[in-house]
1. Only one of (1) on the phi > 0 side of the Ramachandran plot; (2) modelled with pLDDT under 85 fails for PRO56. Which number is that?
2. State the number of residues belonging to the range 98-117 that are in contact (Cβ under 8 Å) with a residue 24 or more places away in the chain and within 23 Å of the chain's Cα centre (by Cα).
Amino acid sequence: MSGYLPVLIFAALILGFGVVSLAVARLLRPSRPSPVKLMNYECGAEPIGTAWVQFPVGFYLVALVFIVFDALAVFLFPWALVLRVVGVSAFWVMAAFVGLLGLGWLYAYREGVLEWK
């Protein structure tokens with residue numbers, strides 16, 4: 001437990017700082033609501049339509065494919081830095097990981113997710 005004590009103290013300080021900062025900001029902020037301040041603001045132009053617009057599912061699918069390849073980059077660069085130290089077995093583990101991501105890319109490609117319509 002003594003090894004985790006500094007971590008717990010640091011976490012408590014972070015949480016306390018966040019709570020105190022929000023509380024002080026709420027106490028010090030001016031509260032002067034008016035119809036103009038409560039209006040939607042969109043780049044200086046009057047908003048057209050409602051805020052609840054349905055986006056095509058393609059946006060979300062592209063975002064999911066991006067997250068998959070972002071995960072590849074996050075794991076691939078540190079692995080490349082320590083490859084000589086960890087040995088050949090780490091090479092095959094990463095090859096399996098890249099192979100699984102390749103299967104995900106192949107599935108997305110065959111489903112037409114990567115084609116922008």
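1. It fails just one condition, (1).
2. 8
Residues checked against (1) β-branched (Val, Ile, Thr); (2) modelled with pLDDT under 85:
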site: VAL7; (1), (2): yes, no
site: ALA12; (1), (2): no, no
site: VAL24; (1), (2): yes, no
site: ARG29; (1), (2): no, no
site: PRO47; (1), (2): no, yes
site: ALA51; (1), (2): no, yes
site: VAL62; (1), (2): yes, yes
site: LEU72; (1), (2): no, yes
site: LEU76; (1), (2): no, no
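The values are calculated or read from the model by the stated rules, or taken from the named source; none is laboratory data. Source: prediction; values computed, not measured. For neighbour counting, all protein chains shown are included, and Cβ atoms are generated from backbone atoms with ideal geometry for every residue, glycine included.
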